[in-house]
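Contents: one structure, followed by commentary.
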Amino acid sequence: MDVLVWAQAGDEESVLSLVRQHPVFSHFSEQLWTPQFIRDNLNLYRRGELLYEIDKAADTCYLICSGRVGLLAGATWGRSTMFAIKSRGNVVGDLSLFDSAPRTSTARALEPSLALTLPYDIIRASIADNPAIASRILSAYATRIRANDQRLIEALNLDLVNKLARLLLEIAQGSTEFELDITQEEIASLVGASRERTNKALANLQRSGALEIHRHRIYRILDAEKLADLALQWSDDRTATERLSDQPGPIGPNLVQSS
């Protein structure tokens with residue numbers, strides 16, 4: 001399986017194409033992105049393997065080339081909470097680039113994933129050679145902050161079903177079926193709800209006919225338009241959950257079993 005993933009997604013041309021289209025790395029010197037550099041710095045992470053750990057010293061960031069990576073916080077308190085899922089084209093581990101502070105999260109591969117390791121020293125040298133790169137990085141950070149602000153607004157104003165619909169569409173990235181092998185608690189933490197409420201909301205999504213969940217981790221989108229509609233905030237006084245409860249149909253199984 002790992003060899004197959006490497007052969008399909010890890011070829012140098014695919015990675016070079018990703019780098020050349022990236023809003024930040026496309027401005028680095030073309031001389032950096034040699035086939036040898038790609039071979040030396042492209043790593044395959046198996047499901048459950050860590051890219052880096054919270055509170056550890058940081059000297060690299062990672063460009064995800066395939067697969068999905070979960071970001072977790074709070075491991076030092078004895079219990080970790082997943083707060084984001086990143087996929088192809090996203091960069092993780094870059095927060096310490098400018099202040100050299102320890103890692104603020106743990107990055108864990110949710111499936112076999114390829115990531116290009118980018119040492120901070122190389123990024124800093126590229127900025128020194130081309131100061132315009134710093135502006136690109138700041139622009140990327142501004143986009144990230146705006147997205148985080150939007151999520152905070154959604155957390156305060158959207159019903160749980162709305163937030164789940166948005167999350168699933170983001171993870172699907174246009175596909176109609178995907179696998180997400182994470183626990184009940186992790187799904188709940190991504191939408192800021194309890195495990196019990198999250199499972200009930202997912203059952204309502206299945207009951208609506210928008211979604212099927214198989215073997216507790218295979219997600220099949222049956223009605224993308226309906227799911228997209230549910231991702232929008234309702235304008236009347238009833239919540240999305242109340243609206244869905246009016247619809248007929250059998251309630252499907254819970255998302256995942258207890259871990």
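Tabulated values for the structure
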| quantity | calculated |
| --- | --- |
| Any hit, segment 102-111, residues being crowded, with 19+ Cβ neighbours inside 10 Å, of a type in the set (S, T, Y) and free of Cβ contacts under 8 Å to residues at least 40 places away in the same chain | no |
| Residue within segment 30-43 that is modelled with pLDDT of 90 or more and closer than 24 Å to I182 by Cα present | yes |
| Conditions (1) surrounded by 18 or more Cβ atoms within 10 Å (Cβ to Cβ); (2) within 26 Å of S80 (Cα to Cα); (3) of a type in the set (S, T, N, Q): number failed by N204 | (2) |
| Set D59, D149: member being free of Cβ contacts under 8 Å to residues at least 12 places away in the same chain, out of contact with any Leu (no Cβ under 8 Å at 6 or more places or on another chain) and over 29 Å from E179 (Cβ atoms) | D149 |
| Filtered residue count, segment 201-221, keeping only those that are without any contact (Cβ under 8 Å) to a residue 40 or more places away in the chain and either over 23 Å from G174 (Cβ atoms) or not charged (D, E, K, R) (or both) | 1 |
| Residue satisfying all of: in segment 125-140; of a type in the set (S, T, Y) and touching a residue at least 40 places away in the same chain (Cβ under 8 Å); nearest to C61 (Cα to Cα) among these | S126 |
| Subset of segment 141-164 that is among the aliphatic types (A, V, I, L, M) and under 15 Å from the mean Cα position of the chain (by Cα) - its residue that is surrounded by the fewest Cβ atoms within 10 Å (Cβ to Cβ) | A147 |
| Some residue of segment 60-72 being among the charged types (D, E, K, R), open to solvent by less than 40 Å² (accessible area, probe 1.4 Å), closer than 22 Å to D11 by Cβ and outside any helix (DSSP H, G or I) | yes |
| Sole exception among (1) at pLDDT 90 or above; (2) touching a helix residue (DSSP H, G or I) at 6+ places or on another chain (Cβ under 6 Å); (3) not β-branched (V, I, T) for A231, by number | (1) |
| P23 vs. criteria at pLDDT below 90 and loosely packed, with under 15 Cβ neighbours inside 10 Å | no |
| Of the criteria (1) exposed (fewer than 14 other Cβ atoms within 10 Å of the Cβ); (2) among the charged types (D, E, K, R); (3) over 13 Å from Y219 (Cα atoms), which one E177 fails | (3) |
| Qualifying residue in segment 214-229 (condition: within 27 Å of A73 (Cα to Cα), open to solvent by less than 20 Å² (accessible area, probe 1.4 Å) and in a loop (DSSP other than H, G, I, E, B)) | no |
| Which listed residue, of L97, L138, is over 30 Å from F178 (Cβ atoms), modelled with pLDDT under 95 and open to solvent by less than 20 Å² (accessible area, probe 1.4 Å) | L97 |
| Residues that are among the hydroxyl-bearing types (S, T, Y), in a loop (DSSP other than H, G, I, E, B) and more than 10 Å from the chain's Cα centre (by Cα), drawn from segment 85-109 | S96, S100, T104, S105 |
| The one condition in (1) closer than 24 Å to R68 by Cα; (2) touching a Ser or Thr at 6+ places or on another chain (Cβ under 8 Å); (3) open to solvent by less than 10 Å² (accessible area, probe 1.4 Å) that I133 fails to fulfil | (1) |
| Residue under evaluation G192, criteria (1) open to solvent by 70 Å² or more (accessible area, probe 1.4 Å); (2) farther than 16 Å from L169 by Cβ, criterion not met | (1) |
| Verdict on I38 being under 18 Å from A147 (Cα atoms), surrounded by 15 or more Cβ atoms within 10 Å (Cβ to Cβ) and out of contact with any His (no Cβ under 9 Å at 6 or more places or on another chain) | no |
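The values are calculated or read from the model by the stated rules, or taken from the named source; none is laboratory data. The structure presented is a predicted model; accordingly, all values stated were derived computationally and were not measured. Every residue, glycine among them, receives a Cβ derived from its backbone with ideal geometry; neighbour counts consider all protein chains shown. Heavy atoms of the whole protein, side chains included, go into the accessibility calculation; ligands, DNA and RNA do not. Shrake-Rupley method; radii C 1.70, N 1.55, O 1.52, S 1.80 Å.
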